[in-house]
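*Asks:* Encoded as structure tokens, here's the structure I'll be asking about.
Derivation of every value follows stated rules applied to the coordinates shown; laboratory data play no part. Because the structure is a prediction, the values reported are computed rather than measured. Don't worry about glycine lacking a Cβ; one is built from the backbone with ideal geometry, like all the others, and counts go over all protein chains shown.
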Amino acid sequence: MATKNYVAELNEYAQRNRLKLKYEYLGSDGPDHNKVFSQKAIIDGKDYPKGVGKTKKDAKVKAAENALRCLLDGKCQDLTENAAEASTSAETDINFICWLNEYGQRNRLTIKPMETTRPGPNNAIPWCSFMVGEKEYPAVSGKTAREAKEEAAKLVYDIINGNKTTDVSYKTSKSVNTHTDMLPSRILISEVYKSFLFTSEFEPLEHLGKGAFGSVYKVKDKQLKIEYAVKIGCYKEKSLREVRTLSDLFHRNIVRYYTFWMQDTGYEWDLRDSYDSYFLYIQMELCAKNTLRDWIDEKNKESVQNLKRREESLRIAQEIVCGVEYIHSRNHIHRDLKPANIMFGVEGEVKIGDFGLVTSDDDDEERTVCKGTPSYMAPEQRKYDRKVDMFALGLIFFELLWKLSTGSERAKVRFTARFPEEFSVTFTKEVNYHIHTVLKFSQDGHQQNSDKTYIKWFTQL
């Protein structure tokens, strides 16, 4: 049966009705070996559903057919939906791994897949990421190693071509269970949302605080009716450091990460105080409003160093050390441990947060930069390693047990590791020795004991 000539038929229709007809080329999508072209017909200034095809000619024929069906049969809505399906179906035919290898050859870039597994609830979960030249793209998980590799290649394709994907802001299961038997989400580079995603998905309940990074809000998911914390700040290249670290950490004593995204609009104070182009939104576990700083200040109002404070302090110290040991086991250094950055979960468990200054244990350049809160940094420490976290732990543990009334008392402990006489009398030699050891070893550069050794000390006190 002869194929209808839709282009000629549409021309006749336009001439017969004295209408102005023109076609507009909309461009192409996909790699060189699998391009998809798009065109649309415009009649008397009105746009009709686009046509999609493997060649420009095929796209024009389809555009003419779509316009005729709208004009003669009134099926524009169906055509719009079909056109959207056609434009996306081509993407599913792309072999993204092949495309990525061809991209590397064309641009003289080395393509290196990095395949790993991470523990899951029942079995190990395959993960994969790609190094393209010197740039590392985020890791993606899959049911099989092959699927993880394909998804990772697809993510690179989407980022390079600026496409949106259904996975760009993929979230974990939004369960109220926050224990470590849950599998953390895969970390993906998010698209920049022009719509206000924050208020469309969440109901802001309370402004929890504002810091150097930005603001933190208590929110409720409109669909799940579950409360979370969302941290909002101006986007900078290094601001993704916290996201990458949080995605790599999953521990009872570390604030849980869910997902992140970027928007071209801020929220409330962001709109007043900043003219930055993009804003980074990080969705995290909601913790109690009071921090360890508040806990210490409240305990310091008591007149005596009672037994109950000691018992609670030991439990808190043990959980902090467990969290820090896990951070170090993942090859990270926190660099800003202090009571204000330590929170409590819904069950009263310790939650270490604020990973804005975190660095890799093998990043020599970052570890030479003097960053952190001065009063919790080891004095005269020019180069950071894990001892910077252990020194802060020593000071925090001391503050948990004892009130430092003046700045001179704090400085004496910090710079000389010498304690007030009352402290030495009140607590055992073992407590004095362990805290002194942490502070002294961290300052003078002697061989430091392992994190596990400190955990053993604290659990035996």
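*Asks:* To the nearest whole percent, what portion of all C-alpha pairs in region 286-330 is separated by more than 12 angstrom?
*Replies:* Values: 694 of 990 pairs.
Value for region 286-330 (Cα pairs over 12 Å): 70 percent.
*Asks:* Report, by chain and number, residues whose modeled amide H sits under 5 Å from the one on Phe344, excluding near sequence neighbours (fewer than 5 apart, same chain).
*Replies:* Here Ala288, Lys351 satisfy the definition.
*Asks:* Please rank Ile111, Ile396, fewest neighbouring Cβ atoms within 10 Å first, as an exposure proxy. Display every interim value, and only then the final one.
*Replies:* Numbers: Ile111 18, Ile396 22.
Going from sparsest to densest Cβ surroundings: Ile111, Ile396.
*Asks:* Here is a further query. If I stretch the segment between Thr265 and Asp73 completely, what's the gain in nm (0.36 nm per residue apart, minus their alpha carbon distance), one decimal?
*Replies:* Working: separation 192, 0.36 × 192 = 69.12 nm, distance 4.24 nm.
The Thr265-Asp73 span can extend by a further 64.9 nm.
*Asks:* How large is ³J(HN,Hα), in whole Hz, for each residue of region 246-260 in order, when computed from phi with the Karplus curve 6.51 cos²θ - 1.76 cosθ + 1.60 and θ = phi - 60°, using x for Gly and Pro?
*Replies:* 4, 5, 8, 10, 8, 8, 4, 9, 10, 4, 7, 9, 10, 6, 8
*Asks:* Please rank Phe279, Phe213, fewest neighbouring Cβ atoms within 10 Å first, as an exposure proxy. Numbers along the way, then the final one.
*Replies:* Numbers: Phe279 24, Phe213 17.
In increasing order of surrounding Cβ atoms, one gets Phe213, Phe279.
*Asks:* For a Förster distance of 45 Å, can you work out the FRET efficiency between the beta-carbons of Asn34 and His207, rounded to the nearest 0.05?
*Replies:* Values: r = 49 Å, r/R0 = 1.09.
Working from the Cβ atoms, E equals 0.35.
*Asks:* Next question. Set the Förster radius R0 to 45 Å, insert the Cβ-Cβ distance between Asn5 and Leu224 as r into 1/(1 + (r/R0)^6), and round the FRET efficiency to 0.05. Show your work: numbers first, answer last.
*Replies:* Numbers: r = 54 Å, r/R0 = 1.20.
The calculated FRET efficiency here is 0.25.
*Asks:* Compare the peptides 240-253, 285-298 by average per-residue count of other Cβ atoms within 10 angstrom and give them in order, highest first. Display every interim value, and only then the final one.
*Replies:* Values: 240-253: 19.3, 285-298: 17.2.
Packing order, densest peptide first, comes out as 240-253, 285-298.
*Asks:* Which ³J(HN,Hα) values, rounded to whole Hz and listed in residue order, are derived for region 224-234 from phi using the Karplus coefficients 6.51, -1.76 and 1.60 in 6.51 cos²θ - 1.76 cosθ + 1.60 with θ = phi - 60°, glycine and proline given as x?
*Replies:* Ordered by residue, 3J(HN,Hα) equals 8, 6, 10, 8, 9, 10, 10, 9, 10, x, 5 Hz.
*Asks:* Let me ask something additional. Please compute the length gained on full extension between Glu12 and Arg106, using 0.36 nm multiplied by the number of residues separating them and subtracting their Cα-Cα distance.
*Replies:* Fully extending the segment from Glu12 to Arg106 adds 29.3 nm.
*Asks:* To the nearest 0.05, what FRET efficiency results for Glu136 and Thr199 with a Förster distance of 35 Å applied to their C-beta separation? Write out the running numbers ahead of the final one.
*Replies:* Values: r = 33 Å, r/R0 = 0.94.
Computed FRET efficiency for Glu136 and Thr199: 0.60.
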